[in-house]
Amino acid sequence: MPLLCRFPRLSRRCLVAAMLALTAAPATAADKITLRFEVFGIAGMHVATDRTTIEESGTNYAITGDLKTTGLAGLFQDFQKKSTARGRLIAAGAQPEAYSADVRRDKAARHDKIDFRANATASGSSSPSAKREAEAQPTRDAVDPLTAYFLVERRLGQGGNCTVTVPVFDGHHRYDLKFTDLGEQKLSAAKEQHYSGDAKACKMTRENVAGTTDKDKVEMPQRGTMWYARLMPGDLMLPVKVELVTEAGSVTGHLAELHGRGADVKFKE
């Protein structure tokens, strides 16, 4: 507060000073975090790169994800998923407002889109429509896939545990992600694992509710374990290692690069 504002008799000068201060103040920049994960399959083969960006500005957030097969894995199947989510930060975690995803597997492509209404009910579409045994239906309080993991990161960052069930709807599938807290564990650097130190371990299990076929399952982890660590100040604990079981086999992902909130980390590869 300007010094003049401490004296009531100078209220007009106080108002002018405050207006000048607001005019001169720079706009608040978005709080931006970027992560890069490298994913490995059987025999340590490099199979994919996953890039995520998280931005927080005031009470709003935006997340982008870009997962793409690479190396020899890309020769067997060319897969890429680009997704975005935006919404509001709330006391309970986060409330999404919109989500979209473009999924490409070899020559097949799909676009998913959701608008989350004010009553917390998700409605969405998937194009082209797939033939499914049961049509996926939106569920009250469901969130998109990016927000689902963001909720766990915020929950841990604010001192909570990761035992929680998150209903998810992506416009194409409806499922629950069930997380179970496995407590504190210590990770040691070895091979592709660069991070070394304390981490919070969380078990994840995906339970399909409706609208999933065997072909659809290839792109989505069914279960696994994730390790989170506090790598920067603020309200988030971020993943440093993941072990996931998919229909295509087991994979392990390791944090390779992180930037934001004063952190500037790039592990030697």
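Please treat every number below as a calculation from the coordinates, not as lab data. These numbers come from a predicted model, not from an experiment. Here Cβ is always computed from backbone atoms with ideal geometry, including for glycine, and neighbour counts include all displayed protein chains.
Figures for the structure shown
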read-out	value
Residue-by-residue Karplus 3J(HN,Hα) for segment 84-96, coefficients 6.51, -1.76, 1.60, Hz, glycine and proline x	9, 9, 9, x, 10, 7, 10, 4, 7, x, 7, 10, x
Above-threshold pairs, the threshold being 20 Å between Cα atoms, out of Lys81/Lys107; Lys32/Lys113; Lys178/Lys241; Lys178/Lys200; Lys178/Lys266	Lys32/Lys113; Lys178/Lys266
Sequence ranges 180-186, 232-238, ranked by mean other-Cβ count within 10 angstrom, highest first	232-238, 180-186
Surrounding net charge for Ala43, when Lys and Arg each add one and Asp and Glu each subtract one, Cβ distance under 14 Å	0
Residue-count net charge about Gly171 - beta-carbon cut-off 10 Å; Lys, Arg +1, Asp, Glu -1	-1
Neighbourhood net charge (10 Å Cβ-Cβ; Lys/Arg +1, Asp/Glu -1) for Lys82	+2
Per-residue ³J(HN,Hα) for segment 198-203, Karplus 6.51 cos²θ - 1.76 cosθ + 1.60, θ = phi - 60°, Hz, x for Gly and Pro	6, 8, 9, 9, 9, 8
Sequence-distant residues sharing a close amide H with Thr163 (under 5 Å, placed H)	Asp181
Efficiency of FRET from Cβ geometry, His111 and Arg261, R₀ 35 Å, rounded to 0.05	0.60
Residue-by-residue Karplus 3J(HN,Hα) for segment 227-233, coefficients 6.51, -1.76, 1.60, Hz, glycine and proline x	10, 10, 9, 8, 9, 7, x
